[in-house]
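The values are calculated or read from the model by the stated rules, or taken from the named source; none is laboratory data. This one's a predicted model, so the numbers in the text were calculated from it and none came from an experiment. FYI the Cβ positions are ideal-geometry reconstructions off the backbone, even for glycines, and counts take in every protein chain you see. Ligands, DNA and RNA are excluded from the accessible area calculation, which covers all protein heavy atoms including side chains. Shrake-Rupley method; radii C 1.70, N 1.55, O 1.52, S 1.80 Å.
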Amino acid sequence: MNPVFFQTPIDYLKGVGPNRADLLKKELGIHTFQDLLNLFPNRYLDRTQFYKISQLQKTNTEVQIIGKITHIKNVEQKKGKRLVATFKDDSGKMELIWFRGHKWIRENLKLNEAYVLFGKTNWYNGLFSMPHPEMELLSEYEKSLRPSMQPVYPSTEKLAARGITNRVLNTLMQQLFLVSKNNIAETLSKPLLKTLKLTSKKEALLNVHFPQNQDLLARAQYRLKFEELFYIQLQLIRKNHLHKSKIKGYPFPKVGEFFNTFFKKHLPFELTNAQKRVIKEIRNDLGSKAQMNRLLQGDVGSGKTIVALMSMLIAIDNGFQACLMAPTEILSVQHYNGLLELCNELKLSIYTLTGSTKTSDRRIIHEKLENGEIDILIGTHALLEDKVKFKNLGLAIIDEQHRFGVAQRSKLWHKNKFPPHVLVMTATPIPRTLAMSVYGDLDISIIDELPPGRKEIKTVHRFDANRLRVFRFLKDEILKGRQVYIVYPLIQESEALDYKDLMDGYESISREFQKPNYQISIVHGKMKPKDKEFEMNRFIKSETQIMIATTVIEVGVNIPNASVMVIESAERFGLSQLHQLRGRVGRGADQSYCILMTSYKLSENAQARLKTMVKTSDGFEIAEVDLRLRGPGNLMGTQQSGVLNLRIADIIKDHEILKLARSYASQILKSDPSLSSTVNLPIKNTYIQLSKYRNIWNYIS
Ligand code: ADP
Ligand code: MG
């Protein structure tokens, strides 16, 4: 592309005055020629077909008809005036209706002349009608070189209301092509075009805006999707490389005393092969001179905590401190207690810091941290405070990464002279290719294996009417010594109502499960951390058999004796949330159950979610369904990633193209890291342009 030319402000395009320019900027983010050129159609209307009025179906689809207007009249109605025309072809008649613009239509429409009509039909009272049809005289239609596949561009209500209709956009696009055709330069290298048999850039742009047929359109779209994904991957991989070569890390060459003693003497179980592999990957990173930036993905219960601990031991073996940050107080406390127990025999100094740590304790912790008297610090966001300074933080681990933003991740970096190694852990299973584009700047390790002996959690869907039977089942389980979670939704928008549900639920459970036979804990976000911890502890110590909670227990909580998870109003939870909640049980040797309670009224989407939960417990399979049901932008953990901002590619549907793009981007960078060879010149130029005008962070909204 001729970069200068394509940065011309859109105001300078013929047909775009200041008003239109303003609208285009505000509504579609189109500031320059290039922006307009990259406004890709959402879909195409097939205008190769003509219908007869007698062939029309009652399905409200877009059709194209040739015929004549025979009458036109005003109709007064309570709701306002409308203009109604009778439109006939040789097979029948229908009505055309206008609610606005009567004067213009009256003056311009010609009676008894052949028109090409295009629009959506309605069926009412035995007659077809078409509101606000697109019309063109047949004689004009035959003269114009219109594409048979008519592009439909993204639009907004405001644009349409202010006269920038799809037709106007089409015209502007034609105008743009007229002036810019000769400036469109190739943006991919010759070898790439050849090996992948891609259409040229010019060809592709032409065919995506003015397709002559399905085949050319498909080829154009393929090329543009490839290009889009290719440059994203190129930027991500490049960033990752630069990162590795530029950002020095502290090399941890030793695997010493702590790690080895723990590994040989205190490991409470045999590591799974996946855990071993991942620990090896982390050890390799830590041993190199570059800073580690790694994502550890592993389904709930796959055993990420022990991996975190062993990584921290390597840091300590090399004379550094480590920290572990978790999104909730409950989880931090649990990690703290768990690690204390695991490290019981090792002489380590482990502390916890959360929002509810007393000021006097805080002061002590701050001091010990700076003195290097603390080996491992575990806590919540409190770790990010400026006052928290380490003597030599070597490794920072973030648990349940999706709860933290990118900014928070980077804040940890500045806790030391060199950034510490960073390991982020997540149980949100994301299909690998998606993870690549979302976390493309991180290396990825995956624990794809659960510890042995886990029994499949039996999952059932029950309606409110079955409640008594569910209660009986809970009593049986409790009698066997098991513990039960009952979870209520808590959605911010309806917080007050949700608390009422929770408290009502608590009351009715208390009535059904009476003291002294049954003891109940309750935990929710409005409680003081101290009270939460108290209630949590009663449950952990098996003093209570039932835990009533909101989703505060969603992440990470690990109580192996709890074997039943009841989820109330399960239809209100998203799939990944349901999966996370279910992951709270099935952690011990007993058969575990998940009971999804709902009312009878369920949307189709909710039914699909419940069915998926009943059918499978494979986190990756669930993630795929989630993705299909919700689209990538809503997938937990990807909100901030903005993968949705793609112009033409679809991260899910174009999965295969993404893989291809990534592999080529990686190959090219491997053989020519600075893109300095002549064949890669077009890539280099485009890359520079992109980072100038559309940095990768633009994708991250
Ligand atoms: P998550 O990946 O969800 O954080 P955890 O680290 O909390 O999982 O581990 C879940 C449970 O599995 C814990 O009770 C832990 O002790 C146990 N566990 C982890 N790894 C193994 C293993 N290799 N063999 C047996 N039990 C394991
Ligand atoms: Mg965990």
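Tabulated results
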{"quantity": "Contacts under 8 angstrom Cβ, first residue in segment 332-355 being within 18 Å of Lys265 (Cβ to Cβ) and charged (D, E, K, R), partner open to solvent by 40 Å² or more (accessible area, probe 1.4 Å) and away from ligand 2 (no atom under 16 Å from the Cβ), 6 or more apart", "calculated": "Glu345/Lys265; Glu345/His266"}
{"quantity": "Of all residues making up segment 174-231, the number that are in a helix (DSSP H, G or I), among the small types (Gly, Ala, Ser) and open to solvent by 40 Å² or more (accessible area, probe 1.4 Å)", "calculated": "1"}
{"quantity": "Residue match in segment 483-493 (condition: outside any loop (DSSP other than H, G, I, E, B), over 26 Å from Leu353 (Cβ atoms), hydroxyl-bearing (Ser, Thr, Tyr) and away from ligand 2 (no atom under 16 Å from the Cβ))", "calculated": "yes"}
{"quantity": "Residues that are surrounded by 11 or more Cβ atoms within 10 Å (Cβ to Cβ) and over 30 Å from the mean Cα position of the chain (by Cα), drawn from segment 477-498", "calculated": "Glu477, Ile478, Gly481, Arg482, Gln483, Val484"}
{"quantity": "Residue within segment 166-173 that is open to solvent by 30 Å² or more (accessible area, probe 1.4 Å) and free of Cβ contacts under 8 Å to residues at least 24 places away in the same chain present", "calculated": "yes"}
{"quantity": "Unique match (being over 15 Å from Ala322 (Cβ atoms), polar (S, T, N, Q), under 27 Å from the mean Cα position of the chain (by Cα) and more than 16 Å from ligand 1 (Cβ to nearest atom)) among Asn284, Asn293", "calculated": "Asn293"}
{"quantity": "Where Ile651 falls short, out of the listed (1) modelled with pLDDT of 75 or more; (2) open to solvent by less than 30 Å² (accessible area, probe 1.4 Å)", "calculated": "(1)"}
{"quantity": "Of all residues making up segment 625-635, the number that are in a helix (DSSP H, G or I) and at pLDDT below 65", "calculated": "3"}
{"quantity": "Flag for Lys530 being under 21 Å from Ala326 (Cβ atoms) and either in contact (Cβ under 8 Å) with a residue 24 or more places away in the chain or not in a helix (DSSP H, G or I) (or both)", "calculated": "yes"}
{"quantity": "Single condition Leu450 does not satisfy, out of (1) assigned to a helix (DSSP H, G or I); (2) among the hydrophobic types (A, V, I, L, M, F, W, C); (3) surrounded by 15 or more Cβ atoms within 10 Å (Cβ to Cβ)", "calculated": "(1)"}
{"quantity": "Selection from segment 283-310 of residues that are within 16 Å of ligand 2 (Cβ to nearest atom) and out of contact with any strand residue (DSSP E or B) (no Cβ under 6 Å at 6 or more places or on another chain)", "calculated": "Asp299, Val300, Gly301, Gly303, Thr305, Ile306, Val307, Leu309, Met310"}
{"quantity": "Single condition Pro560 does not satisfy, out of (1) at pLDDT below 90; (2) away from ligand 2 (no atom under 16 Å from the Cβ); (3) touching a Gly at 6+ places or on another chain (Cβ under 7 Å)", "calculated": "(2)"}
{"quantity": "Any hit, segment 246-263, residues being within 16 Å of ligand 1 (Cβ to nearest atom) and either open to solvent by less than 20 Å² (accessible area, probe 1.4 Å) or part of a helix (DSSP H, G or I) (or both)", "calculated": "yes"}
{"quantity": "Helices (runs of 4 or more DSSP H) contained in segment 98-162 and holding at least 1 residues over 37 Å from the mean Cα position of the chain (by Cα) and of a type in the set (Lys, Arg)", "calculated": "102-108, 138-143"}
{"quantity": "Hits in segment 453-482 - residues which are part of a helix (DSSP H, G or I), under 17 Å from Leu610 (Cβ atoms) and among the aliphatic types (A, V, I, L, M)", "calculated": "Ala465, Val470"}
{"quantity": "Leading residue by the ranking (farthest from the chain's Cα centre (by Cα)) among those in segment 558-588 that are of a type outside the set (A, V, I, L, M) and closer than 11 Å to Ile457 by Cβ", "calculated": "Ser563"}
{"quantity": "Some residue of segment 519-529 being at pLDDT 95 or above and out of contact with any strand residue (DSSP E or B) (no Cβ under 7 Å at 6 or more places or on another chain)", "calculated": "yes"}
{"quantity": "Candidate set: segment 566-624, residues that are among the aliphatic types (A, V, I, L, M) and farther than 25 Å from Gly505 by Cβ; chosen: the one modelled with the highest pLDDT", "calculated": "Ala608"}
